[in-house]
1. Might you report the magnitude of the Cβ-based charge dipole of the chain about its Cα centre, with Lys and Arg at +1 and Asp and Glu at -1, to the nearest 20 debye?
2. Pick out the long, greasy-scoring helices in the chain: whole DSSP H runs spanning 30 Å or more along their own axis by Cα, mean Kyte-Doolittle at least -0.5.
3. Between residue 190 and residue 165, what's the calculated FRET efficiency when r is the beta-carbon distance and R0 is 25 Å? Round to 0.05.
4. Just need the Rg to Rh number for the chain, please, alpha carbons only, Kirkwood Rh.
5. Based on the mean of other Cβ atoms within 10 Å per residue, sort peptides 275-284, 24-33, 45-54 so the most packed one is first.
6. Under a crude label model (7 Å from the Cα following the beta-carbon direction), how far is residue 62 from residue 128 in nanometres?
7. Can you tell me the FRET efficiency between residue 281 and residue 14 if r is taken as the Cβ-Cβ distance and R0 is 25 Å, rounded to the nearest 0.05?
8. Along the Cα-to-C-beta direction of residue 274, a point sits 7 Å from the Cα; which residues of the stretch 16-58 have their amide N less than 17 Å from that point?
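Every number in this text was worked out from the coordinates using simple rules, so none of it is lab data. As the structure is a prediction and not an experimental result, all values here were calculated from the model. When we count neighbours, we look across all protein chains shown, and the Cβ atoms used for this are built from the backbone with ideal geometry, even at glycine.
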Amino acid sequence: MPDASTLAPAARADSAQRIALIALLTGALGIAFAPIFVRLSELGPSATAFWRLAFAIPALWVWMAVEPKGGARSRKPSSLADYARLTAAGLFFAGDLAIWHWSIRYTSVANSTLLANFAPIFVTLVSWLVFKERFSRTFLMGLALALCGAVVLMGQSLKLSPDHLFGDALGLLTAVFYGGYILAVGRLRAEFSTATIMTWSGVVTGLALLPIALLSGESLIAGSLGGWAVLLGLALVSHAGGQSLITYALAHLPAAFSSVSLLLQPAAAAVLAWALLAEPLGAFQAIGGAVVLAGILMARRGSR
């Protein structure tokens, strides 16, 4: 019979994973607000993406400055290799935002959103091929089920046409970049705090997005207080809030399962668009959302 000394660490690990799962799903809900804020923004998509980082970085920097020192995963970056890995995470995220916004110009929003959410496929493949992780049949079935749910969710809005192939390819490339971001952050969380990763990678992302926004020809100045409030909401709710919760969770949950769980985001975004923007929510979307949830639950069972 196991004694208390062996049970206590296991109980703490289970508790940490439960908290991380709640944080992950709450983070997915936070980034589900991002399309709403982008839709309401007075600026173009590239300029909006830049302000998402520009307004979030001061809040993240203050968080990093006041967080307790000496805790778990609290090492500060101190070498060129550390900054290179943080830079890689920031560039992956910049590529995710910039390419997704470009994909919207060349294909439908539904196509680009669906293809961008194929990141779990790439995260799972890289985890298997590069990091030699093994996945149960139950996890793979949950992954497939969640992706099928996403297809059903977007199905009525999808537009399959040769004219959209370039935009569709950009949407798929978005998934590659976001998958790279998830994997990079998952590895970084073994050493660094959430605030450290979010701040340093966010600075890199913002610096990378600024020239993209300038070259796009879009205005960087909102025309009203309401326009600035939307940009501030995007920065604090979706990035500093939602993305930080996801980063926190990646210290305790596998990257592959986390990426599957983030498929909750398009389902939540559809519900928010119905509630806040009066966009129709049909039976197919409801069924797709339910299938996504079932897939996430199955993937969770298969990843224990």
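1. Numbers: 19 positive and 12 negative charges, 158 e Å.
Roughly 760 debye, rounded to the nearest 20.
2. Answer set is 4-32, 45-66, 80-106, 165-188, 194-215.
3. Numbers: r = 39 Å, r/R0 = 1.57.
Step by step, r from the Cβ atoms, then E = 0.05.
4. On the way: Rg = 19.2 Å, Rh = 19.8 Å.
Computed over Cα atoms, the ratio is 0.97.
5. For the peptides 275-284, 24-33, 45-54, the packing ranking is 45-54, 24-33, 275-284.
6. Output for this residue pair reads 4.6 nm.
7. Details: r = 36 Å, r/R0 = 1.44.
That gives a FRET efficiency of 0.10.
8. Residues 29, 32-33, 36 fall inside that zone.
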